[in-house]
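One structure is given here, and the rest of the page talks about it.
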Amino acid sequence: MNYKKLGLDGLILFMPEKFHDERGYFQESYNKKKFDEIIGRDINFVQDNFSESIEGVFRGIHFQKKPYEQGKLVRVSHGKVLDFAVDLRTDSPSYLQWIKVELSEENGNQLWIPEGFGHAFLALSKRVHFAYKTTNFYNKESERCIVWNDPKIKIKKSLEGFKLKISNKDKEGDLI
């Protein structure tokens, strides 16, 4: 499994190898033993989630507060997104910094987002199938949303030029 550590501590882009032949291709999308070796700790995924979005949908910036924080392994099985991970760990040297990566069915890449990060994505194709594994169960009381255009995070610049479709819940998110 190929991978690349990204600029913020703990974020890792996984680039699974595809084996092509005349029938199509095969890809190992997850292997616990290899994943845990790369991450450096035992990860236990407890929930798989899936969403479908149309072009221009922006979802996020979502996270769960302690003690229900979630690590996420995210991927796109159909379409293409710009995926954002925001460091919300107040004791981190990269607090409020973020990265964006393109995830698509073509590249097959997956992003590991550790506990303590917020997550968002922008659908770039007509239809997106977005899947992710989490290390903790969803807990409604711990769910939080930071507004997409928070001036301290500054993701807004990366979204200029797109006709955004944002839910009321995400428009009414909190400021940092």
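The values are calculated or read from the model by the stated rules, or taken from the named source; none is laboratory data. Being a predicted model, the structure only gives us computed values, none of them experimental. Cβ placement follows ideal geometry from the backbone for every residue including glycine, while neighbour counts extend to all protein chains displayed. Side chains included, ligands, DNA and RNA excluded: accessible areas come from the protein's heavy atoms. Shrake-Rupley method; radii C 1.70, N 1.55, O 1.52, S 1.80 Å.
Starting from the Cα of Lys152, move 7 Å in the Cα-to-Cβ direction to define the label point; list residues of segment 67-91 whose amide nitrogen is under 16 Å from there. Counting backbone N atoms under 16 Å from the label point, the list is 86-91.
Leaving ligands, DNA and RNA out of it, report the carbon-plus-sulfur percent of the accessible area of segment 4-162 at a 1.4 Å probe.
Values: 4110 of 8390 Å².
Using a 1.4 Å probe with all protein chains present, segment 4-162 comes out at 49 percent carbon and sulfur.
Keeping every protein chain present and rolling a 1.4 Å probe, give me the accessible area per residue for the chain in Å². Before the final figure, lay out the partial values.
Numbers: 9810 Å² over 176 residues.
Normalised by residue count, the accessible surface of the chain is 56 Å².
Site pair Thr135 and Asp91 shows an inter-label distance of 1.5 nm when each label is modelled 7 Å from Cα along Cα→Cβ. Using a probe of 1.4 Å, the accessible surface attributed to Arg41 totals some 100 Å² when neighbouring protein chains are kept in position. Based on the convex hull around the alpha carbon atoms, the chain presents an average projected area of 10.6 nm².
Let me know the longest stretch in the chain that avoids all GluC sites (Glu not before Pro) found in a DSSP loop with at most 14 other C-beta atoms within 10 Å.
On the way: sites that count: Glu17, Glu22, Glu28, Glu105, Glu106, Glu160, Glu172.
By the stated rule (loop sites, at most 14 other Cβ atoms within 10 Å), 29-104.
Karplus-based coupling profile of segment 38-44, in residue order and whole Hz: 5, 5, x, 7, 7, 9, 10, with θ = phi - 60° in 6.51 cos²θ - 1.76 cosθ + 1.60 and x standing for Gly or Pro. Label segment 1-82 by shape, choosing from rounded, prolate and oblate, from the square roots a ≥ b ≥ c of the eigenvalues of the Cα gyration tensor; if a/c is under 1.5 it is rounded, and otherwise prolate applies when a/b is larger than b/c, oblate when it is not. Oblate. When the square roots of the Cα gyration tensor eigenvalues are ordered a ≥ b ≥ c, the ratio a/c for segment 1-45 is 1.5 or more and a/b does not exceed b/c, which makes its shape oblate. What shape does segment 110-163 have by the C-alpha gyration tensor, where a ≥ b ≥ c are the square roots of the eigenvalues, rounded means a/c under 1.5, and otherwise prolate means a/b greater than b/c and oblate the rest? In terms of gyration-tensor shape, oblate. A cut-off of 5 Å between modelled amide H atoms, ignoring neighbours fewer than 5 places along the same chain, links Lys80 with Leu124, Ser125. Only lysine pairs 8 or more places apart or on separate chains count here, and in segment 36-153 those with Cα atoms under 26 Å apart total 21. Taking every DSSP helix (H) stretch of at least 4 residues in the chain, weighting each as -39,500 (n - 2.57) and dividing the sum by the residue count yields a mean residue ellipticity at 222 nm of -1500 deg cm²/dmol.
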